1. On each of the three principal axes of the Cα atoms of the stretch 1-83, give max minus min coordinate, whole Å, ordered largest first.
2. Suppose we take every Cα in the stretch 62-214 and form the convex hull; what volume per residue is that in Å³?
3. Please give, to one decimal in nm, the separation of the simple spin-label points placed at residue 153 and residue 117, each 7 Å out from Cα toward the Cβ.
4. Which distance in nm do the two modelled labels at residue 201 and residue 25 give, with both placed 7 Å along the Cα-to-Cβ direction?
5. Let me spell out the model: positive unit charges on the Cβ of Lys and Arg, negative unit charges on the Cβ of Asp and Glu, origin at the Cα centre of the chain. What dipole size does that give, in debye rounded to 20?
6. For the chain, what is the largest minus smallest coordinate of the Cα atoms on each principal axis, given in angstrom and ordered from greatest to least?
7. Could you work out how far the C-alpha centroid of the stretch 178-228 sits from that of the stretch 262-300, in angstrom?
8. What's the Cα-based Rg to Rh of the stretch 35-101, Rh via Kirkwood?
Amino acid sequence: MASNKVIINDVGPRDGLQNQPKILDLQQRLALILALEAAKVPEIEVGAFVSPKAVPAMAGTADLFPLLPKGSAVYSGLIPNMKGFELASKANVPLMSLVVAASNTMNEKNIKMKTEQSVDVCREVLTLAKSKGANVQAYVATAWECPFEGAIKADEVYRVTEQLIDAGATGIVIADTIGAANPAEVASLMEGLTSRFDSNILSCHFHDTRAMGLANVYAALESGIRKFDASIAGLGGCPFAPGASGNVATEDVVMMLEQMGYDTGIDIPLLLKASDLAIELTGTATGGNAKNWMEKHYNK
Ligand code: COA
Ligand code: ZN
């Protein structure tokens, strides 16, 4: 039987902040990370090692890592290519996340390579990572739908996932980059994946564009997935994927899981404080759909 423990990775400091009209400085980014850490969020995506010209909000990510408290959350950083791996290695990033879109057009818009070229780059990075003992996982983006190419075939996702696992990725995050999947499609793809690969190395990343974020988390849970990305206060979106709105909010996901008897280990009153801070810092985040209710029902 699958465990009742669920790991939450808060991607607010990366996916959340990369697309905001307001660019936060390093102290503000650090304050958000520390608020999540105080709420005992077990994994936090600190930022991205990408071109500061492409994503100005992620400039200076390397400077955040030495400032993070030791021995609590697992901190990760996104890397699109070998240069990202080199920069993240230099900053001693404990967990790095490669990203490959299952769709060629999305991958080209995002990181200027076709999917196959990107997989080759991932192979090089993962080989080097292995020799250095670095922990590198990989995202499979636009796993259900691409904003340019439409529906993605499950076989494409299986193929890229297999290539990345064979190359040595320590985990695979299946991402609905634009929030287009519905729960039936999530169940179908995740059941296909869990029948082919170990469910312990799979996790899911949902955006709430069409209000199906929580339903999709539930569908993936039923397929045996026990690790999810979510974003504090529902921040999120990709600057290169038209129509991508915020990620499913961490507070909503945690509330649903805890009410269903799952254990996230997260301190909900402190998580609500982190959500307040995300709203205050960005001026655009609205907070999860359940936040008002949660404020009344969990001691703040
Ligand atoms: N981090 C920082 N800078 C990088 C980099 C990285 N990982 N990879 C390349 N660069 C720099 C190069 O040094 C070069 O700098 P210069 O103009 O000062 O000489 C410049 O970016 C262009 O290099 P090139 O290899 O030609 O990259 P590109 O123009 O093909 O762009 C990416 C590729 C991946 C760097 C760029 O598209 C990018 O950063 N995209 C952001 C993706 C992202 O964050 N998406 C959202 C999350 S999924
Ligand atoms: Zn995302």
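1. Answer, in whole Å and largest first: 46, 26, 24 Å.
2. Enclosed volume per residue, from the Cα hull, is 123 Å³.
3. So the two model labels end up 2.3 nm from each other.
4. Between residue 201 and residue 25, the label points sit 4.3 nm apart.
5. I would put it at about 600 debye.
6. On the principal axes, the chain reaches 50, 41, 34 Å in Cα extent.
7. Cα centroid to Cα centroid, the span is 23 Å.
8. Radius of gyration relative to Kirkwood radius: 0.97.
None of the figures in this text is laboratory data; all of them are computed from the coordinates on show. Nothing here was measured: the structure is a model prediction, and the numbers come from that model. Please note: Cβ atoms are built from the backbone with ideal geometry, for glycine as well, and neighbour counts cover all protein chains shown.
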